[in-house]
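Everything below concerns the one structure shown next.
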Amino acid sequence: MWQKLDLGKFLENRLQVLRAEIGDRPVELELSMVPELKEVPLDSMQMGEVIGEMVRRLHTFEPDTTRGLRSRTRWEAGSQVRQKFSRADARTYAVIELINPGRPRVSSRPLMPLEEISEESGKHDLGLTMIERIVQTHKGFVDYRSEVGGAATYTVWLPWGGDVESEEASIALPIPGSTAIAEGQGSGTLLMVDDEQGLLATMASSLRNQGYKVITATDGEGALLKFHEHVKELDLVITDLVLPGMSGWGVFTQIRESEPDLPVLIMSGHMEPKIEAAVNRSGAAGFVQKPFGLNVLLRRIRDLMPSDVSSDAADGI
């Protein structure tokens, strides 16, 4: 749910929730008192997922709990942000920094960057791709850098001012006269998750016409409730990557921990090369790029459900 929030209070509350995951490790919080940072438009659930993933990564990167983490908020002029990101178009950006200071330095030699977000570093990491996707949905930017000595920093820029609306994705259904598959040939039970209710209803109806039982959910928390309720009968889970609240990545990781043999197919309407590579490395069953036709979706379902009695009909796709 999009709303204008006090960025400092949002970060403080989120870090308090995360303390259970990082134990007694101290987290230093430095908040800017700039008035503009009290009205930053964001989806608190989605951005909370981003902060949680970043903190967990920093904690894992340097797990020594005697060395604290740092977090801070600040602002940066759009002209400065454009020097880093040419697509920046807001006049002012709210900035969140999460920092692992690393081990004490023992040399006066300047630290050299070892890693930063790039096409190569991000394309095989679905968690990182989830971070990037949510920040992009907020029309913002993200940067990650790690250095010799264990230091690492995540920086997120979020545009201040005006309302930000999440982007919508659409599905292209087959047109009359196309090579559609005969109805009623499928079998099995699917859990399908997408926050676009009209799109979800269309996909579910089309798959039910093919003979599948389709259980639906419109957010991550609802998806997990449906998963636990129907886990014994599910043959496949299909989820969008970006959802309100818990992301599709969070849904996938929790399902994989509980039922590692249950295939999860991930959908997304953006950054297909990077996401597809990340999905392939993550252990998910596969990736499908939006928009797609019904026949494409059916083909992927049948690939993942070899017991599907309709497999003989796939030759006509």
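Computed from the coordinates by the stated procedures, all read-outs in this text should not be read as laboratory data. All values derive from a computational prediction rather than experimental measurement. No Cβ is skipped: glycine too gets one built from the backbone with ideal geometry, and neighbour counts run over all protein chains shown.
Here is how the numbers come out for the structure above:
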read-out	value
Restraint check, K9/K84; K9/K139; K9/K232; K38/K290; K38/K84, Cα-Cα greater than 30 Å	K9/K232; K38/K290
For the stretch 189-316: span of alpha carbons on each principal axis (Å, largest first)	38, 34, 30
Pair R72, S205: separation of 7 Å Cα→Cβ label points (nm)	5.4
Rounded Å value of the spacing that divides the Cα centres of the stretch 14-76 and the stretch 210-279	27
Stretch gain in nm, segment V17-E36, where the contour uses 0.36 nm per residue and the Cα spacing is subtracted	4.4 nm
Highest average packing first - 24-31, 40-47, Cβ atoms within 10 Å	40-47, 24-31
